[in-house]
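Structure first, then comments.
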Amino acid sequence: MKYKVLNYKDTRSGFGEGLFELGQENEKVVALCADLIGSLKMNAFAETFPDRFFQVGIAEANMIGMAAGLTIGGKIPFTGTFANFSTSRVYDQIRQAVAYSGKNVKICASHAGITLGEDGATHQVLEDIAMMKALPGMTVINPCDFNQTKQATKAIADYEGPVYLRFGRPKVATFIPYDMPFEIGKAIVLKEGADVTLIATGHLVWEALNAADMLEEKGINAEVVNIHTIKPLDDVAVLKSVNKTGCVVTAEEHNVLGGLGESISGLLARTMPVPVEMVAVNDAFGQSGKPDELMELYGLKDKNIVEAAQKVIARK
């Protein structure tokens with residue numbers, strides 16, 4: 001494998017470091033948090049720039065409204081809370097005050113998916129990507145490791161318009177070089193191949209790379225594509241890869257309904273119909289457990305991607 005583990009870090013810390021550096025570089029950047037400063041790793045920003053930090057308490061809807069208002073004065077607000085509370089709890093406020101109005105708010109959501117772990121289904125969220133990508137004008141970004149999350153955090157400050165940035169709590173493999181450019185809306189081909197395209201996002205990108213190695217041992221040459229921006233989707237990169245391989249496996253820590261897999265399937269159905277298999281949570285809520293145990297239980301591991309690849313190749 002070209003990419004090796006550099007270390008193991010949580011992606012929320014990538015957000016925290018990126019936000020802190022933005023605070024040093026751009027005085028227009030402000031941050032708001034709903035009583036979860038430590039969990040979102042916003043401590044450094046809050047302590048260093050107290051006049052640009054707003055602790056709103058457990059009042060997420062109010063936080064979104066405040067953020068929308070701050071944009072009118074030219075500020076670039078970054079809101080921070082758990083992904084479930086960043087979307088489900090405040091969807092009406094996001095729709096009306098941010099998306100419909102085209103406000104330059106950066107909705108930054110930690111503890112996404114089932115890898116939140118022991119907090120269970122009420123705090124986990126597996127439908128947030130579906131909700132956010134359905135909003136007109138909303139950009140949806142789901143980076144794969146610490147370095148890419150930090151790069152994405154800094155990149156969205158320069159992007160004009162509403163953004164949903166999704167990341168997580170557990171320590172995961174860091175493998176993206178710290179200096180790899182991050183371009184919103186541009187997929188990254190991490191490994192070239194000819195037999196099957198593995199399209200992954202978030203924590204599942206590393207699993208896809210491992211799966212590609214496992215497939216190589218079986219004589220299958222897999223291409224791995226990192227879709228860090230789910231909306232807008234990089235149609236060109238996807239179609240270029242699929243034109244070469246003729247089949248696709250998508251992989252995501254999200255409900256199979258409404259996520260990356262459906263975006264890819266929709267694109268292919270309109271332009272290049274080929275067999276598709278999806279590795280995702282099969283229309284279920286999460287539950288309490290260790291993150292890795294839950295990934296195993298819900299079929300989100302490298303071995304599940306391998307099985308899906310073998311299945312989809314047989315359908316070509």
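Readers should treat all values here as calculations from the given coordinates under stated rules, not as data from a laboratory. Keep in mind it's a predicted model, so treat the numbers as computed, not measured. Here the Cβ is made from the backbone with ideal geometry for all residues, glycine too, and neighbour counts use every protein chain on show.
Below is a table of values for the structure above.
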quantity: Relative contact order (%) - the stretch 153-230, alpha-carbon pairs under 8 angstrom, separation at least six; calculated: 35 percent
quantity: Net charge of Cβ neighbours under 12 Å - reference LYS231; Lys, Arg +1; Asp, Glu -1; calculated: -1
quantity: Packing rank of 271-277, 80-86, 215-221, 168-174, where each peptide gets the mean count of other beta carbons within 10 Å, highest leading; calculated: 80-86, 168-174, 271-277, 215-221
quantity: Hits among aspartates and glutamates - C-alpha to C-alpha of LYS244 under 15 Å, sequence gap 8 or more where chains match; calculated: GLU192, ASP195, GLU223, ASP235
quantity: Viscosity 0.692 mPa s, 37 °C: Kirkwood-radius Stokes-Einstein D of the stretch 205-316 over Cα pairs, µm²/s; calculated: 227 µm²/s
quantity: 0 to 90° range, to nearest 10: angle between helix 204-217 axis and the chain longest Cα axis; calculated: 20 degrees
quantity: Full-stretch length increase - GLN55, TYR8 - with 0.36 nm per residue and alpha-carbon distance subtracted; calculated: 14.0 nm
